[in-house]
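Chemist: Supplied in structure tokens, the structure appears directly below.
Bear in mind these aren't lab numbers, they're just calculated from the coordinates by the rules spelled out. Remember, predicted model here, so these are calculated numbers, not experimental data. Note that we place each Cβ from the backbone using ideal geometry, even for glycine, and neighbour counts take in every protein chain shown.
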């Protein structure tokens, strides 16, 4: 488990809503956005305080494209990140500005996926 990597590895997760963003009502979206901002602020502070040399912001691009996190905040952090910091961003729908700020851009393409057989998204795998 990831717990075995502590204290050298810190995992911050949002609260599970059991819903995708397109299934949330306005109140749920507002709560999720506030939580995403809090987690992002925690990560930015950890990076700026030298608490990490590798920061993985998993699905942050999805949070931006879903309106859960301001693109301007992410772009400002990328532009002003500490020199020693390796920053990994994951998620879909990165726009041209964020792609332009990146050192590397990779794309994962589904060649085969369980959804093609009607298998629903699985907890711990797809969400």
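Chemist: Give the Debye-formula value of log10 I(q)/I(0) at each listed q (0.16, 0.23 Å⁻¹), with one equal scatterer per alpha carbon of segment 21-92, two decimals each.
Modeler: Cα-only, vacuum Debye calculation for segment 21-92: -0.55, -1.02.
Chemist: Along the Cα-to-Cβ line of residue 30, 7 Å from the Cα, sits a label point; which residues in segment 50-75 have backbone N less than 16 Å from it?
Modeler: 68-69
Chemist: Per the Debye formula with a single identical scatterer at each Cα and no solvent contribution, what log10 I(q)/I(0) holds for segment 77-127 at q = 0.17, 0.26 Å⁻¹?
Modeler: The calculated log intensity ratios at q = 0.17, 0.26 Å⁻¹ are -0.73, -1.08.
Chemist: For the pair residue 16 and residue 75, how long in nm is the line joining their label points, each one 7 Å along Cα→Cβ?
Modeler: According to this spin-label approximation, the distance is 3.5 nm.
Chemist: How do the peptides 34-45, 3-14 rank, highest first, by the average count of neighbouring beta carbon atoms within 10 Å per residue?
Modeler: Top to bottom by mean Cβ count within 10 Å: 34-45, 3-14.
Chemist: Moving to a separate point now. Mind ranking 54-66, 74-86 by how tightly packed they are, going by the mean number of other C-beta atoms within 10 angstrom, highest first?
Modeler: Output ranking for 54-66, 74-86: 54-66, 74-86.
Chemist: Oh, and also: So for the chain, Kirkwood radius off the Cα pairs, Stokes-Einstein at 10 °C and 1.306 mPa s: how many µm² s⁻¹?
Modeler: 97
Chemist: Another question about this same structure. May I ask you to derive the relative contact order of the chain, considering only C-alpha pairs under 8 Å and at least 6 residues apart, and to give it as an integer percent?
Modeler: Answer for the chain is 21 percent.
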